Amino acid sequence: QVQLVESGGGVVQPGGSLRLSCVASGSIASIYKMGWYRQAPGKERELVGDVFTGGSANYAASVKGRFTISRDNAKNTIYLQMNDLKPDDTAVYYCNAPAGWYPGAGEYWGQGTQVTVSS
């Protein structure tokens, strides 16, 4: 079992910045990548971005150029730096880690942290 704990959410005005953190614990040796997802009310959970253990990352088109994921493997932590925030970024943000690379593998999720962008 892997445990993921997010922090850093809050309320920010449009154009502002926020930094989220996710700390992984438990059977972390099996984790080959971690990522961030978000879910707004009435919408499906969507991928924000993810990063492999080696450091390569990819992002959703809606956040590319504004959000940056970084990873500190020694601390088992990933970060999501969010800049130029927009009202459409308002959502609960979740940390994620697949249980394996193969088809049918499960996933681990954090409890989520609320990000609200409003004037």
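Of all lysines in the structure, the ones whose alpha carbon falls short of 17 Å from that of LYS64, not counting any fewer than 8 places away in one chain, are LYS86.
Each Lys and Arg contributes +1 and each Asp and Glu -1, all at the Cβ; summed about the Cα centre of the chain, the dipole is approximately 140 debye.
Only protein heavy atoms count here; on that basis, with a 1.4 Å probe, GLU107 has an accessible area of about 90 Å². Scanning residues 5 or more positions from GLY26 or on other chains, those with amide H under 5 Å from its amide H are GLN3, with H placed 1.01 Å from N in the peptide plane.
What fraction of the DSSP beta bridges in the chain is antiparallel, stated in percent and rounded to the nearest 5?
Details: 38 of 41 bridges.
Here the antiparallel bridges make up roughly 95 percent for the chain.
A simple rule links phi to the HN-Hα coupling: the Karplus curve 6.51 cos²θ - 1.76 cosθ + 1.60 with θ = phi - 60°, which for segment 78-88 gives 10, 10, 10, 8, 10, 10, 6, 5, 10, x, 5 Hz, with x for Gly and Pro. Taking the 1.4 Å solvent-accessible surface of the chain as the whole, the part contributed by carbon and sulfur is 50%.
The 1.4 Å probe gives accessible areas that order ASP72, ASP50, ASP84, largest first, as ASP84, ASP72, ASP50. Take the chain with all the other protein chains still there, run a 1.4 Å probe, and you get 52 Å² of accessible area per residue.
The values are calculated or read from the model by the stated rules, or taken from the named source; none is laboratory data. It should be emphasised that the depicted structure is a prediction, and the values quoted were computed from it without experimental measurement. Using ideal geometry, Cβ is built from the backbone for each residue, glycine included, and neighbour counts are taken over all protein chains shown. Each accessible area value is taken on the protein alone, full model and side chains, heavy atoms only, with ligands, DNA and RNA left out. Shrake-Rupley method; radii C 1.70, N 1.55, O 1.52, S 1.80 Å.
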